[in-house]
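No lab work stands behind these numbers, since they all come straight from the coordinates. Quick caveat, the model's predicted, so the values are computed rather than measured. So basically every Cβ, Gly included, is an ideal-geometry build from the backbone, and we count neighbours across all protein chains shown.
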Amino acid sequence: MLNRPEEFDRMAQVEGEHWWYRALHQLVADATALHPRRRQARVLDAGCGAGGLLQFLRALGFPHLSGFDISETALELCRQRGLPVIKGDLREAERMAAAESQEVIVSNDTLYFFTPAEQEEIVDGLRRLLAPGGLLVLNLPALKAFRGRHDLAVGIRQRFSRADIGRLLKPARFELCRACFWPFWLAPAIYGARLAQRCRLRLDPALEIKSDLWLPPRWLNAGLARLTRWENAWLPWKPLGSSLFLVARKR
């Protein structure tokens, strides 16, 4: 579990503007269009962090939002924003809502904290909360080549590949609607930065561990946001990226 208050504080400060979060939140909003109720769907953010996604969806007019997180620091940041959140553990998701009560469940960058067996149990628990035909939306850190100091800072125990999709979203239980790596055009730069981090850590094991989360200059942030949003909208298949975005429908 992420148990570093400074990372939650940093997240809360930048996720409303940061190009990566803006792109991810737009991916989630677009995914809800696959549900017949679209913006009227009941949306649960499972592992809501500092609440950036809930705040983004609320601004778009989604009226039926809820979330939970195990971190008191994260929950306090959410409450300061007036977001409807409760304390809860992903491993006990079925306690967070009634069975088949949710139409869209989102869990962004959470499963990497857990063992493969726990991941599968969590997905099964979230599935039981979904109404028939409901959507499960996941974002996962992808591909071992993108490992770096950031992984240590935020507690990433595993990076995922396409080979993990069938294990998590078993075909008998889910229909896979979308699976895409992202960001693609920025992948070489991210790979170079993470490779440099790994080299520096080998040379200096005492190097300060901190995440890559910082807000670029406004002009650069805006350009990265436009580029990433364009590729997510117009390149449905990409061979690689530092994240893997999944949308699946409950069978």
When each pair of different Cα atoms in the range 177-251 is counted once in the 1/r mean, what is the Kirkwood radius in angstroms, to one decimal? 14.6 Å
Please give the helix 218-234 orientation as an angle from the longest Cα principal axis of the chain, in degrees from 0 to 90, rounded to the nearest 10. 50 degrees
Over the chain, what relative contact order in percent results from Cα pairs under 8 Å that are six or more residues apart? 23 percent
Estimated translational D of the range 128-235 in µm²/s (Stokes, Kirkwood radius over Cα pairs; 4 °C; 1.567 mPa s): 79 µm²/s
Estimated [θ] at 222 nm from DSSP helical runs (n ≥ 4, -39500 (n - 2.57)) normalised by residues in the chain, nearest 500: -12000 deg cm²/dmol
Over the range 117-233, what is the mean sequence separation of C-alpha contacts under 8 Å (at least six apart), divided by residue count, expressed as relative contact order in percent? 33 percent
Give me Leu244, Leu136 ranked fewest to most by other Cβ atoms within 10 Å of their Cβ, as a rough exposure proxy. Leu244, Leu136
Kindly put Ile86, Ile122 in sequence by how many other C-beta atoms sit within 10 Å of each C-beta, fewest to most. Ile86, Ile122
If the chain between Trp237 and Leu201 were fully stretched, how many nm would it gain, using 0.36 nm times the residue separation less the Cα-Cα distance? 9.6 nm
Spacing of the two label points (7 Å from each Cα toward its C-beta) at Ala117 and Leu215, in nm: 4.4 nm
Between the helical axis of 187-203 and the dominant principal axis of the chain, each derived from Cα atoms, what acute angle in degrees is found, rounded to the nearest 10? 60 degrees
If each K or R counts +1 and each D or E counts -1, the residues other than Gln55 whose Cβ falls under 11 Å of its Cβ total 0
Taking the simple approach of a point 7 Å from Cα along Cα-to-Cβ for both Ala145 and Leu176, what is their distance in nm? 1.9 nm
Residue order, fewest to most surrounding Cβ atoms within 10 angstrom, among Asp45, Asp151: Asp151, Asp45
Net charge of neighbours whose Cβ lies under 14 Å from the Cβ of Glu92, counting Lys and Arg as +1 and Asp and Glu as -1: -2
Where in the chain is the longest stretch that carries no chymotrypsin sites (Phe, Trp or Tyr not before Pro) classed as loop by DSSP and with at most 14 other Cβ atoms within 10 Å? 1-213
Could you work out how far the C-alpha centroid of the range 131-204 sits from that of the range 49-102, in angstrom? 23 Å
